[in-house]
Each structure stands twice: as structure tokens, then as C-alpha cells.
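Right, one structure below, let's go through it.
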Amino acid sequence: MKYDAIILGGGAAGLFCAAQAGQRGRRVAVLEKSDRVGKKILISGGGRCNFTNIGAGPQHYLSANPHFAKSALRRYTARDFIALVDAYDIAHHEKTLGQLFCDGRAQQIVDLLLEECAKASVQGGQVDILTDQDVTEVVQDSGAFAVVANGQALLADNLVIATGGPSIPKMGATGFAYDLARQFGLKVVEPRPALVPFTLGGEDVLFRELSGVSAEVNAVAGSGKQKAAFREAALLTHRGLSGPAILQISSYWKHGDPIALDFFPDEKPDWLLARKRAAPQTDIVAILKEQLSERLARVLAERLGMTGVLQGLSDKALRQAGERLKRWEFTPNGTEGFAKAEVTAGGISTAELSSQTMEAKSIPGLYAIGEAVDVTGWLGGYNFQWAWSSGWAAGQAI
């Protein structure tokens, strides 16, 4: 079987790339290892698929080269994909912070992608989607790529790596993309779990008793250019810390470093002193309960060694307590790993790829897109937008 392009991976990036190339008259084969395409799409957003973010821009992505994503994101924007969703009459809503979700099921996005692939035939193209494909060999010979899957050899002038990263292995995710990249001599930035919960040990284990308690915080991690802060909810779990704010900063965290939570992000550092002046007979726990759950308020007060009314507490103690509540440090002993990571940070080095086409500079006809590449978005639809944008860029070049 001879194609213009073989796309390895039937996820968001792979299917969108196939649709773009197919609608340009190309003959494309999509090879998916599982029994159906778009599995990660189906579980995303609680089954409603957070398919993009209105404000998606290069500043929302991590990469060894922070400029790499600019071209693709500029040429195929969130507005472009929203217009496509609207063209299919898929009802959607903004949940928070620009995050767009389907009103109905995530299956609607998968159906959209499959229909876009089917439209290739109208333009003289063809998209064959093959599932349950066990790829055992990939070679390049005389400029063409040969892929052996299920004992059958497929040939193409172009090969697209769209198999993602190893996050959520129960969905069939593996590091196949990196093995293939290395086979062709491409460098790989060390992959690591991202958008992932933290685990706690040592003295921080005491917070596990608050499993299920959440609070709006300003979470900070990293340093220098890699420093990041996110104001969203943090969730205490039986293993450590989770919730949107924690998942966000996990992408910036390095093992051994602390993270800091500001439990009172709207207050100034000396806010407890001001409260003492205004209402000296107020109980310290009552003050903390104004913004935190009672369980969390009591544990924090206990850890601070503070009880009773403000009048009975020294200014120095209140100043120190106020500062700590605005920068309460935890030192995670790790994360919950790829099993619970929503995405993978790192991947095929962007130094190896054209930012315009996603084609490998040293291997004509070889492309890498989506999560397989060292471009990792924030939580909130950004990674899907990278899938659409990078898939579109490669699809236009094949």
C-alpha cells in the first residue's frame, strides 16, 4: 500500500493532521494502536472535552525553545477551531478562564474529526483510519518510509509522529514517539509528568488528614524564567496535593524544590495586624474560617501554634503568621507520575524541527506533532489547541 503520508497515532493531532492533508488531495493512512481513535479526547474535561482556550498564545506553553510554538499557534488559532466547532453546531460553553467545553459529550469532537477526514474524498484525497495496529518496524529507504504493522508493509513519502507521550499509560500511552525519534537521530528532551498531583512526605503528611478539603490559593513554583504562579483551587488528597493550581505549577516544579501556597491571596503581608487593630477580640480560627474551611483553618492555626483571640497574640507572632499563611511552603517528595499526569513535558526537541511545518530539519518527510513534541501547554484546553495548530501546520506541508 502506497500513501502520500502515514500518520502514527489517531489522537487529536494525528486526526486533525490527516484531515488537513486529505482535504488537500493527499492519500493518508492513520495507524492507531488501540481499538478506537480519540480515546484521550473522550475522557478529557470529565467527558465533555475542554477542546481549546479562547486566549491560547505562546506564553501558555513550556518548551526548551519558548518561541517555537508561535508560528503554528498564530497560523491556526483557537478562533479557527472554534469556528469549525460552530460549523458542526456543537454547543459549547466557557467554564472558567477561557476554557471551552462541549455542552454535550466529547464524542462530538471525535465525530467532527472523523467527518473532516471523510471530507478528503470530496477534494480527491483519501484518509484511511486503521485501528488495532501493532507497528513493529519503521524504516526509510530511498527517501520513502516503510511502516510494518500487523505484518503488512505500508509505504509513504511522508511520516508523521503523532503518538503523544507516556502520560496515562492505561489508555495505551507509551514512549514510542521518542524511540522512533532517536532511531532517526533526533534529540529528545527528557520527558517528565506534567499537570500532575504532588505526593507529600515528612511533616507534610499531617495534611493528608484533610483529604478532600480545597481552597483558592495562589500557588508558586520554579525560579527565574521558569517561575510561575497560578491562582486557582488547590485540593488536599490522601497522597498529597492536587487541584487546578497544583496541576498547573507541577509543570514548573523540579524535584527537591519547595512550592508555596498563598492561602490569603487578597490580603497584604501584615493583614492579621490590621485585623487585630480593628477587632482585637476576634478568635484567630474565626478569622481564618472567613476564607477557609473550618477543618483547614483549625489545622493551620494549630501548625502556627496560635489559639485564642487576636488581642492575646503578640504583633510579632501575628506578623510572622500572616507572612507564613501567604507563603506556606510544602516540599513534595514526588508526583503521582505518568499514571496520573494529564500530559508529558519534554519530548522530541524543537531544535530538530521546523516551526513552520513541524518537519525534521535533517530528515525530509519526517514530521512530529502534538504531545510528542517538546511543547507543553497549561491546564485548560491549551494542549488541545497545540494539537490542532501543530497538526494543521504539518497537514498543510505534506
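Accessible-area rank, largest first, for S142, S223, S251: S142, S223, S251, with all protein chains present and a 1.4 angstrom probe. Computed from backbone phi with θ = phi - 60° and the Karplus coefficients 6.51, -1.76 and 1.60, the 3J(HN,Hα) list for region 178-191 is 6, 4, 5, 4, 5, 4, 8, x, 8, 6, 10, 6, 3, x Hz; x is used for glycine and proline. Sites listed here are chymotrypsin sites (Phe, Trp or Tyr not before Pro) in region 221-325 whose DSSP assignment is loop and whose Cβ has at most 14 other Cβ atoms within 10 Å, and the list is empty. What the phi angles of region 85-95 give under the Karplus curve with 6.51, -1.76 and 1.60, with θ = phi - 60°, is a coupling list of 4, 5, 5, 8, 6, 8, 5, 8, 8, 8, 7 Hz, glycine and proline written as x. Measuring with a 1.4 angstrom probe and ignoring ligands and nucleic acids, K340 comes out at about 120 Å² accessible.
Put a dot 7 Å past the Cα of D89, heading toward its Cβ, do the same for Q291, and the two dots end up 4.8 nm apart.
Once the Cα atoms are used to define both axes, helix 382-397 deviates from the longest principal axis of the chain by about 20 degrees. Report the local net charge at S44: Lys and Arg +1, Asp and Glu -1, summed over other residues whose C-beta lies under 13 Å from its C-beta. The answer is +3. Apolar share of the accessible surface for region 1-55: 46 percent from carbon plus sulfur atoms, 1.4 Å probe. With the chain treated as a Gaussian network of Cα nodes joined by springs under 10 Å, which of G175, G55, G305 yields the largest mean-square fluctuation? For the chain, modelled as a Gaussian network with Cα springs under 10 Å, the answer is G305. Proximity of backbone amide H atoms, modeled 1.01 Å from N, is registered between N50 and G45 at under 5 Å, excluding neighbours fewer than 5 places apart on the same chain.
Against the chain, whose longest principal axis comes from its Cα atoms, helix 315-326 is set at around 10 degrees. Calculated [222 nm] ellipticity per residue, helices only, for the chain: -8000 deg cm²/dmol; basis is -39500 (n - 2.57) per DSSP H run with n ≥ 4, divided by all residues, nearest 500. The alpha carbon gyration tensor of region 274-371 gives principal lengths a ≥ b ≥ c with a/c of 1.5 or higher and a/b greater than b/c, which makes the shape prolate. Computed from backbone phi, the HN-Hα couplings of region 262-268 come to 9, 6, 9, x, 8, 9, 7 Hz, rounded to whole numbers (Karplus: 6.51 cos²θ - 1.76 cosθ + 1.60, θ = phi - 60°; Gly and Pro given as x). For the listed residue pairs K95/K227; K227/K254; K95/K268, the alpha carbons are over 19 angstrom apart in K95/K227; K95/K268.
The length gained by stretching the chain between Q59 and D157 to full extension, at 0.36 nm per residue less their Cα-Cα distance, is 31.8 nm. Remark: the chain carries 42 Å² of accessible area per residue (probe radius 1.4 Å; ligands, DNA and RNA excluded). Positive contributions from Lys and Arg (+1) and negative ones from Asp and Glu (-1), summed over other residues with Cβ under 15 Å from the Cβ of K276, come out at -1. Mind running the shape call on region 1-132? Use the C-alpha gyration tensor, a ≥ b ≥ c as the square roots of the eigenvalues: rounded below 1.5 for a/c, prolate if a/b tops b/c, oblate otherwise. The shape class here is prolate. Between K268 and Q107, the simple spin-label model (points 7 angstrom out along Cα→Cβ) gives 5.7 nm.
Distance from the alpha carbon centroid of region 303-377 to that of region 13-89 works out to 23 angstrom.
Ignoring lysines fewer than eight residues from K70 along the same chain, the ones with Cα atoms less than 19 angstrom from its Cα are K225, K361. All other residues whose Cβ lies under 12 angstrom from that of K33 are scored, Lys and Arg at +1 and Asp and Glu at -1, for a net of -2. Taking a ≥ b ≥ c as the square roots of the eigenvalues of the alpha carbon gyration tensor, the chain is prolate, as a/c is not under 1.5 and a/b beats b/c. Mind giving me the nanometre distance, one decimal, between the label points for K2 and A229, set 7 Å out from Cα along Cα→Cβ? Those two pseudo-labels are separated by 6.1 nm.
The values are calculated or read from the model by the stated rules, or taken from the named source; none is laboratory data. Bear in mind the structure is a predicted one, so any value in this text is a computation, not a measurement. Reconstructed Cβ throughout: ideal geometry from the backbone, glycine too, with neighbour counts over all protein chains shown. These area figures cover heavy atoms from the full protein model, side chains too; ligands, DNA and RNA do not enter into them. Shrake-Rupley method; radii C 1.70, N 1.55, O 1.52, S 1.80 Å.
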